[in-house]
Amino acid sequence: MNKKGRKEMKLKRLAALLLCAAVMLPLAACVKKPDSGTSRTSQTTDDTTVTPTKDGDTSITATDKGNKGAAAQDLMQGITKGKGASKKPDSRFANVAASFALDLFKDEYKSGKNTLVSPLSVLTALAMTQNGAEGKTLSEMQKVLGGLDRDTLNAYMNAYLAAVAGKDSALKCANSIWVDSKLDVKRAFLQKNADFYSAQAYKADFTSTRTVKEINSWVSKNTNGMIKKLVDQFDPLTVMVLMNALCLEAEWSDPYTDNCVSEGTFKNAKGNLVKAEYMYSQETEYIETENATGFVKRYKGDRFAFVALLPNEGTSIDSYIASLTGRDFLKALGSRKSEKVNTQMPKFKCEYSNSLVDTLKKMGMNTAFDGNRANFSSMATLKNENIYISDVIHKTFIEVAEKGTRAGAVTAVISGKSAAMPVEQPKEVRLTRPFVYAIIDTRTNLPLFIGAQTDI
């Protein structure tokens, strides 16, 4: 590569939004009383054991022929991704997804702390898991995920993921299921998640450090190296892991230039002034609500956009976030005006990691985490043991590090007929104190990522 090519690549990287998320749901086994002991006959192949079950389904047991610590093996032999039902996202889906997104964000936000969650990543991982749930476990998950039955949610998610994370999209999505060798995972569960979520499945030894490395490698690969490690080790009771990874690298539609970057101060949530490097531009999509102002800045291709929402003076970031609802978010985005707005945005980077168990319990999903009461009978079986979700690990990363502002954006254009009229001054949104931001899909206005920047 010549010098010019290297320079262009460097500038491209600087002009990119780097953003990713990963969700991991480890499922564990809890000893239970033996059932009636229905006899089953097994048919063994080279790598798997296919076993009839009481409900007529079949289970697939990965047969561990290798030594402890062997490489993970593909469980998708004999399972071909089919064309699952597809339902184009409509207002019903948008309202459900937006409500889930804002509830998740509000419950995850801690006062004065930088926070970043990916509702799409969490929704995808839970939707996959829901395909193995039954009874009260299923009903609670359905309620948390917006009240849609799982077939309808699968159909919506199938169409939506294809639209926002298709072949030519800047957003990449990957799903995988990792199964311990002693678990009988049901073929129908794997098939459904392959059909609707293109999920791959692997068998692995969760007591092996090699498995930990392989899972971390999968995460790193599918987040373009932005999240290098998701887990250090697994609990000895872990029998299955479901994962989703999202990665977005997108360039601004109108990039910044070097001459409009300057240093300033940011007043953080504690009221302290900290140094910040600001980027200035004039945008053309202005947001104004009862308690906030904001703007939209688009990425190349116009499919995705950055949204900033700044609480009004006198409104704390905590109270503003507490007041947000999914409906309010969609309404604010839907009512944005084509109006010039001078913007000031700090360069910032956020790495966020947390367990979502307490948040999901608060949202109403309790039984799935109970080793005695959880019902994932449509997912897998394990003799004399019950399967439950032991944790939900969520990691996100964002870096907004572009230089400058839109060239010539602050130039006023005045028509001949209005030359004698006063020039309307552009609105202003200056992110010099805590603010909420989101990366949205511009066709639905749904937040794929949403966060709060309270400090620099």
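Values in this text are rule-based calculations from the coordinates and carry no lab data. These numbers were taken from a predicted model, which means no experiment stands behind them. Note that we place each Cβ from the backbone using ideal geometry, even for glycine, and neighbour counts take in every protein chain shown.
Please list, by residue number, every one of the GluC sites (Glu not before Pro) in the range 250-317 that is coil in DSSP and has at most 15 other beta-carbon atoms within 10 Å.
GLU290, GLU313
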#### Entry: Cα convex hull volume per residue for the range 202-311 (Å³)
212 Å³
### Query
Over all Cα pairs of the range 339-395, how is the pair count split among 5 Å bins, expressed in % and running from 0 up to the last occupied bin?
4, 14, 17, 14, 12, 9, 6, 7, 5, 5, 4, 2, 1, 0
### Query
Dipole of the range 217-328, Cα-centred, from +1 at each Lys and Arg C-beta and -1 at each Asp and Glu C-beta, to the nearest 20 debye?
420 debye
### Query
With Cβ to Cβ distances under 13 Å as the rule, what net charge do the other residues near ALA194 carry (K, R +1; D, E -1)?
+3
### Message
If packing is taken as the average number of other Cβ atoms within 10 Å across a peptide's residues, how do 168-174, 332-338, 316-322 rank, most packed first?
### Response
168-174, 316-322, 332-338
### Query
Order of 437-449, 131-143, 222-234 by packing, highest average Cβ count within 10 Å first?
437-449, 131-143, 222-234
### Task
Measure of size requested: the Rg and Dmax of the range 270-316, with Cα atoms as the atom set and Å as the unit; please supply both.
13.4, 38
### Message
With bins 5 Å wide starting at 0, give me the P(r) of the range 156-250 over every alpha carbon pair, in whole percents.
### Response
3, 13, 21, 21, 19, 14, 8, 2, 0
### Query
Rg and Dmax of the range 268-382 over Cα atoms: what are they, in angstrom?
20.0, 61
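Structure shown: which of LYS167/LYS221; LYS300/LYS337; LYS270/LYS297; LYS136/LYS362 lie over 26 Å apart, alpha-carbon to alpha-carbon?
Cα-Cα > 26 Å for LYS270/LYS297; rest within.
In terms of the Cα gyration tensor, with a ≥ b ≥ c the square roots of its eigenvalues, is the range 120-202 rounded because a/c is under 1.5, prolate because a/b exceeds b/c, or oblate?
Note, shape of the range 120-202 comes out oblate.
Take the Cα atoms of the range 236-280, build their convex hull, and give its volume per residue in Å³.
Numbers: hull volume 8.7 nm³, N = 45.
Cα convex hull per residue, to the nearest whole number: 194 Å³.
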### Query
Taking the Cα centre of the range 231-302 as the origin and placing charges on Cβ (Lys, Arg +1; Asp, Glu -1), which of VAL261, LEU273, ALA292 is farthest toward the positive end of the dipole?
LEU273
## Note on the structure
Assertion target for VAL185, VAL357, ordered by fewest C-beta neighbours within 10 angstrom first, is VAL357, VAL185
